[in-house]
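This report refers to the structure that appears directly beneath it.
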Amino acid sequence: MDINALGQPANPLTGAPKNLTRLPTTKPLATEAQPAESQQAVPVSQATPALSRPAPVERVTRVEPALTSNAWNNTLAGALDNLPNARGWQAITLGLGQLSHYGSVAQSAKTQLLPRTEGTTEPEVTRQSSLGKMTFSATLASGKEVSFAVDARAGIEQYGQASAAFRAIDVHFSADGELTDEEQAELDAFSKNLGAFVSDFITSGGPDLNRLKLTEFTAIESLQLQVKTADKQTLSLAYTRDAQSTSINLQWNGRSLNLSIAQGAASQQGLTLLREALLENLDKARAEASDTRVLMQALSLFGVSAADPAAQPDDSAALLTGLPDYQLSFKGVVEYPASRTEHHDKFSGIRLLTIGQSTHINNSNGQTSISQTQNISLEAAYFTPLPLLDDVYLARENFKWNHIDESRQVISQQVWQDDWLKSATIQRSASIQNMQQTWSEGELIDKWRDEQKDFSVLDVRLLLNTANTNDDSLSEKQAENELRGLINPIH
C-alpha cells in the first residue's frame, strides 16, 4: 500500500438520497363524497438510511525522541517518504556522521494514517514487511568502537474497527568513548561515501568499492557492514587495515571476494601484470561485467610506489614481481540445470578463481636466499549456443558446454653470497583439464579435451646478471623483459 497516496480528503458524495419524512396529511378538497376507508391514515415505509463517508484520516509523522538538531530530525522523517528506494537509504546513512557527536542515540520515526474518530486507541499491527536493514560497526585507530544500525519496515495497523497504513524506521548510534573533532569529521566524510555505496548497491545489485574510497581514511582501521534490501538483496563487507596487512571480505548476492595484502608498496609494473592476469582469466571464464569491475576495484587496495620495495637486495628485484605478498579468491554465482535432466551436473559460472604470492627471505652467515611462489587457478564453466542458433536450448539439448579447470605455479629462487650471485632458477608448472561437449537433439556429437601437465626448471643466472648491469643497454632491457615474462604466471 502506498502510504503517500493515502490521507487525502475524499471527494464529497453526490446524489445521495435525502432522508424521507412523513408529510402532514390534509383533507383533500372534495367534489364528491369519499369512501369512509379513504379517511384512514396510510402507513409510510421506513426511510432509506443516508450513505456515510469513510472515517476521515490524517497523515502524521513523528520522530521520537526529537534531537536538538532539526536538520537531522528532518532528514530522518524525510527518508521515510523515499524508502525503500536508494534515495531514502542514501539520506539515512548520513546519520553515521551527523550523530557522531552524541555518545548514544536511539530514535524512531513513524509515518501513520490515523483515523480521527478513534482517539487514542492503541493500534495493533496486523501486517508488516521489511523495507531493509543495515548494520555498521567500526574500530578507530584510537581503539574506540562505533556502531550504527537502521531497521525500516511498513505495514497495516488496526484501530478498533478501522485500519491504516504506516511506515517506521529505527536508528541506533553508539560510541564507547567521546570522539575527537578529527574522528567526527572522518566519520562524517565516510558516511557520505557509505551512502553513495549503499545507494548504488540497491540500484544496481552490485557493489562499487570505489564509492567507499577506503584507502583515504586514517582514523578507521576496520569496519563491518551488512545490508539487506526490501527485495532480499544482501551484502556483507569486512575491511581491516593494520601494520601487518590490509584485507577485505566482500559477499553479495551469492558471490564472494577475499583479498589479503601484506604491508608494503607495489610497483606499477607488477600491479599491471596482476591486473592482466585477472582480466585474462575472468574473460576466459565469461565473467559478468559487474563481477569483473569489483575485482579490478579491489586491486586499488594495493599501495602503489614509483620504485620496487627494498625488502631484499636491489640486484634481486629483477627476479621478483614487485608486489607485496597477497592472496585473492573469488567465487561467482554457480547455476545448474533442472535436476530432472541428464545434464543436472553441468554448471555455469565461476566456481573458484584464486591467485596469490608468498615470499620467503633467509639470511645466514652472509648468505641470502630468496624464494617467491605464485599460484593461480581457475574452475569455471559456461554454455554457448550451437552455430546458427541465437540462444542455448538446454531443454532441446542443442548447446555446447565448456568446462575450464586450470592451475599454474611459478617459483623463483636465488641465492646471494654477499654481492655474488650463486644460483638463480625459475620453476614453472601447469595442470590443465579443460573440456568441451557439443550436444544436438539429445546426442553428444562432439567431445574435446585439453589435458596437459607441464614442468620446467630454468637456470636464469645469465639473464639476472645481464638485467643487473645498470648500463641501460638494449641487452639489459631485453633481459628484464624476458625475466618478467618468465615470472608471469599466466604464460
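Each residue in region 249-278 was checked for being touching a helix residue (DSSP H, G or I) at 6+ places or on another chain (Cβ under 7 Å) and open to solvent by 50 Å² or more (accessible area, probe 1.4 Å), and 1 of them qualify. In the condition set (1) assigned to a loop (DSSP other than H, G, I, E, B); (2) touching a residue at least 60 places away in the same chain (Cβ under 8 Å); (3) farther than 26 Å from residue 485 by Cβ, residue 294 is compliant with all but (1).
The number of residues in region 91-104 being of a type in the set (A, V, I, L, M, F, W, C) and open to solvent by less than 10 Å² (accessible area, probe 1.4 Å) comes to 3. Figure legend. Inter-residue proximity from region 161-173: first residues in contact (Cβ under 8 Å) with a residue 60 or more places away in the chain and under 13 Å from residue 132 (Cβ atoms), second residues charged (D, E, K, R) and part of a strand (DSSP E or B), beta-carbon distance below 8 Å, spacing 6+ or different chains. Indicated pairs: 167/110; 167/153; 168/110; 168/153; 169/110; 169/151; 169/153; 170/151.
In region 422-443, the condition of being over 34 Å from the mean Cα position of the chain (by Cα), open to solvent by 50 Å² or more (accessible area, probe 1.4 Å), modelled with pLDDT under 95 and of a type in the set (S, T, N, Q) is met by no residue. Please find, within region 168-178, the residue that is modelled with the lowest pLDDT out of those that are open to solvent by less than 30 Å² (accessible area, probe 1.4 Å) and touching a Lys or Arg at 6+ places or on another chain (Cβ under 7 Å). Ranking the candidates gives 177 first. Among the numbered conditions (1) open to solvent by 40 Å² or more (accessible area, probe 1.4 Å); (2) part of a strand (DSSP E or B); (3) among the basic types (Lys, Arg), the only one that residue 192 does not meet is (2). Scanning region 334-378 for residues that are surrounded by 15 or more Cβ atoms within 10 Å (Cβ to Cβ) and more than 23 Å from residue 261 (Cα to Cα) yields 334, 337, 343, 346, 347, 348, 349, 368. Of 404, 370, 355, all but one fail to be in a strand (DSSP E or B), in contact with a His (Cβ under 8 Å, 6 or more places away or on another chain) and modelled with pLDDT of 95 or more; the exception is 370.
Just for region 103-146: of the residues that are more than 27 Å from residue 165 (Cα to Cα) and in a strand (DSSP E or B), which one is modelled with the lowest pLDDT?
From region 103-146, those more than 27 Å from residue 165 (Cα to Cα) are 103-104, 136-146; that's our starting set.
Cutting the leftovers down to in a strand (DSSP E or B) gives us 104, 136-140, 145-146.
On the way: 104: 93, 136: 98, 137: 98, 138: 97, 139: 97, 140: 97, 145: 97, 146: 98.
So the residue we want is 104.
Do we have residue 266 as in a strand (DSSP E or B) and more than 20 Å from residue 290 (Cα to Cα) here? Spelling it out, residue 266 is indeed in a strand (DSSP E or B) and more than 20 Å from residue 290 (Cα to Cα). Exactly one residue among 443, 397 is in contact with a His (Cβ under 8 Å, 6 or more places away or on another chain) and of a type in the set (Asp, Glu), and that residue is 397. Considering region 444-491, and only residues there that are within 30 Å of residue 401 (Cα to Cα) and β-branched (Val, Ile, Thr), the residue that is surrounded by the most Cβ atoms within 10 Å (Cβ to Cβ) turns out to be 490.
From the list 155, 206, exactly one residue is modelled with pLDDT under 95, assigned to a strand (DSSP E or B) and small (Gly, Ala, Ser). Which is it?
155
Looking only at residues of region 406-420 that are crowded, with 18+ Cβ neighbours inside 10 Å and not β-branched (Val, Ile, Thr), we find that the one that is farthest from the chain's Cα centre (by Cα) is 416. Counting the residues of region 215-246 that are surrounded by fewer than 19 Cβ atoms within 10 Å (Cβ to Cβ), modelled with pLDDT of 95 or more and within 16 Å of residue 299 (Cβ to Cβ) gives 1. In the condition set (1) in a strand (DSSP E or B); (2) under 20 Å from the mean Cα position of the chain (by Cα); (3) crowded, with 20+ Cβ neighbours inside 10 Å; (4) not β-branched (Val, Ile, Thr), residue 197 is compliant with all but (1). Could you please let me know if residue 215 is under 20 Å from the mean Cα position of the chain (by Cα) and at negative phi? When the stated conditions are applied, residue 215 passes them. For region 247-275, which residues satisfy the criterion of being hydroxyl-bearing (Ser, Thr, Tyr), touching a Phe, Trp or Tyr at 6+ places or on another chain (Cβ under 7 Å) and at pLDDT below 95? Within region 247-275, no residue meets the criteria. Evaluated against (1) more than 30 Å from residue 221 (Cα to Cα); (2) of a type in the set (A, V, I, L, M); (3) under 25 Å from the mean Cα position of the chain (by Cα), residue 164 falls short on exactly one condition, (3).
The values are calculated or read from the model by the stated rules, or taken from the named source; none is laboratory data. Here the structure is a predicted model, which is why all the values come from computation and not from measurement. Using ideal geometry, Cβ is built from the backbone for each residue, glycine included, and neighbour counts are taken over all protein chains shown. For the accessible areas, the whole protein counts, side chains as well, though only heavy atoms, and no ligand, DNA or RNA atoms are used. Shrake-Rupley method; radii C 1.70, N 1.55, O 1.52, S 1.80 Å.
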